[in-house]
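Chemist: Following this message is one structure expressed as structure tokens.
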Amino acid sequence: MKSIPEHLRATIGQRVDLIDTPALVLDLDAMERNIQRMADFARKHQVRWRPHAKMHKSAEIALLLEKAGAHGHCVQKVAEAEALAAAGVDDLYISNEVLAAGKLLRAARLAAQLVARGGRLAIAVDSEEGVARLAEAMRVAGSDAGIDVFVEIDVGQGRCGVPPGPEAVALARAVAAQPRLHFAGLQAYHGRAQHLRTATERRDAIARVVQAAADTRALIEAAGLPVPLITGSGTGTLVHEAASGIYGELQAGSFLYMDADYAANEREPAQPAFEHALFVKTQVISARATHAVCDAGHKSHAVDSGLPTVHGLPPERALRYASCSDEHGVLTAEGSKARLPALGRMLWLVPGHCDPTVNLHDYLIGVRGGLAHGVVDRIIRVDARGALT
């Protein structure tokens, strides 16, 4: 485990205005409120929540979520699972397909390690070839305790997953036929639906997802196989999966930090009021009559889902992050009463997409007391940064 650099450790106890820039800052108070809202929501709807660690990539955060009631964690890569397991996380689900022999062998060995300490590893499949390769890896590793396997169905994303229906039944049978593989249920996640802007669009999309998942479950059960769990969902649609009556587990992850892209969604009354907790602190390093330039470009925050927004601490409410390059962000003023920030001014940005933004940083600076007058409470490792295999 890498040690926290001394210059970061020295910031603990300092005021937020002394944090050097650019820096990824986590409002711990806001994050904890988001955790409580999610825990309350899951309890109310009597569903498990297995937050997606591909967003935060931190063992410290994962263990904090477990204390609040999270039922394990999702990851997308074997390396993410290894990084979190090495730091004490015991219940992990690789909600993605893995086909390479070397990676499958690593997963098989990790499954045995987790079972030995009272934990569990699960993985998704969407092909009989994938099932056969996983079974062989488990045999080679001598992992007699087995691994939980979810059959992924394509419910509208157009990415991984077998079509709902007979192909999913055949794949579930293939899993159940392998002695070291335990058929655990269905993975049914519609990623694109998370970012449909209107509540009606999201509701209608998930209604189709629910129907496809329910029909597939019925076919598998008719074939003589129990379907223990349907898992999926995300921050943008969790109200619908939770109310569906068929989802037993929610995989939402972005609720923890939120981002500018999710903030653009029309909110639904039943949705928990998650708030922004993740920010990029930046400083104005150049000022002109028409624009200002800050020191946070796309090496500091991801722009795949759009540019960041300027967090609305007065007097920044009318500022727009207009464009960026590697190390620079160009700011413009919007409206007749708006004014550009002065040279040296510190600003707070809300990233467009929290997941890849976190993956750009080794550490998060956790603060308490807010962005205006708070202090640095602790430094949080991004344990699985760069864990891509």
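Chemist: At a temperature of 25 °C and a viscosity of 0.890 mPa s, determine how fast segment 321-384 diffuses translationally according to Stokes-Einstein, using the Kirkwood radius over alpha-carbon pairs as Rh; express D in µm²/s, rounded to the nearest whole number.
Modeler: Roughly 168 µm²/s, to the nearest whole number.
Chemist: Right, next: Could you please report the charge total around VAL125, scoring K, R as +1 and D, E as -1 over all other residues with beta-carbon less than 10 angstrom from its beta-carbon?
Modeler: Counting the neighbours of VAL125, the net charge comes to -4.
Chemist: Also, quick follow-up: Which of the pairs LYS44/LYS281; LYS77/LYS281; LYS2/LYS44; LYS44/LYS103; LYS67/LYS299; LYS2/LYS281 have their Cα atoms more than 31 Å apart in this structure?
Modeler: Correct reply: LYS44/LYS281; LYS2/LYS44; LYS44/LYS103; LYS67/LYS299.
Chemist: Then there's this: What translational diffusion coefficient, in µm²/s and rounded to a whole number, does the Stokes-Einstein relation yield for segment 280-368 at 10 °C and a viscosity of 1.306 mPa s, taking the hydrodynamic radius as the Kirkwood radius over Cα pairs?
Modeler: The calculation lands on 121 µm²/s.
Chemist: Counting Lys and Arg as +1 and Asp and Glu as -1, each charge on the Cβ, what is the dipole of segment 163-240 about the Cα centre in debye, to the nearest 20?
Modeler: Magnitude of the dipole: close to 180 debye.
Chemist: Let me know the shape class of segment 1-109, please: from the alpha-carbon gyration tensor, a ≥ b ≥ c as square roots of the eigenvalues, rounded when a/c is under 1.5, otherwise prolate if a/b is greater than b/c, or oblate.
Modeler: oblate
Chemist: Got the relative contact order for segment 29-259 handy, in percent, Cα pairs under 8 Å and 6 or more residues apart?
Modeler: Relative contact order of segment 29-259: 19 percent.
Chemist: Within segment 1-44, list the residues whose amide N lies under 18 Å from a label point set 7 Å along Cα→Cβ of SER286.
Modeler: It comes to 22, nothing else.
Chemist: Moving to a separate point now. Which whole-number percentage describes the relative contact order of the chain, with Cα contacts under 8 Å and a sequence gap of 6 or more?
Modeler: 22
Chemist: Taking a cut-off of 26 Å, what percent of all Cα-Cα pairs in segment 29-259 are separated by more than that?
Modeler: For segment 29-259, the share of Cα pairs beyond 26 Å comes to 34 percent.
Chemist: Can you give the alpha-carbon Rg of segment 202-276 over 2.2 N^0.38 Å, where N counts its residues?
Modeler: 1.26
Chemist: If you don't mind, another one. Report the calculated FRET efficiency for ARG159 and GLU268 (r = Cβ-Cβ distance, R0 = 30 Å), to the nearest 0.05.
Modeler: Result of the calculation: an efficiency of 0.75.
Every read-out reported here was derived from the displayed coordinates using simple, explicitly stated rules and does not represent laboratory data. Predicted, not measured: the structure shown is a model, and the values here were computed from it. Here the Cβ is made from the backbone with ideal geometry for all residues, glycine too, and neighbour counts use every protein chain on show.
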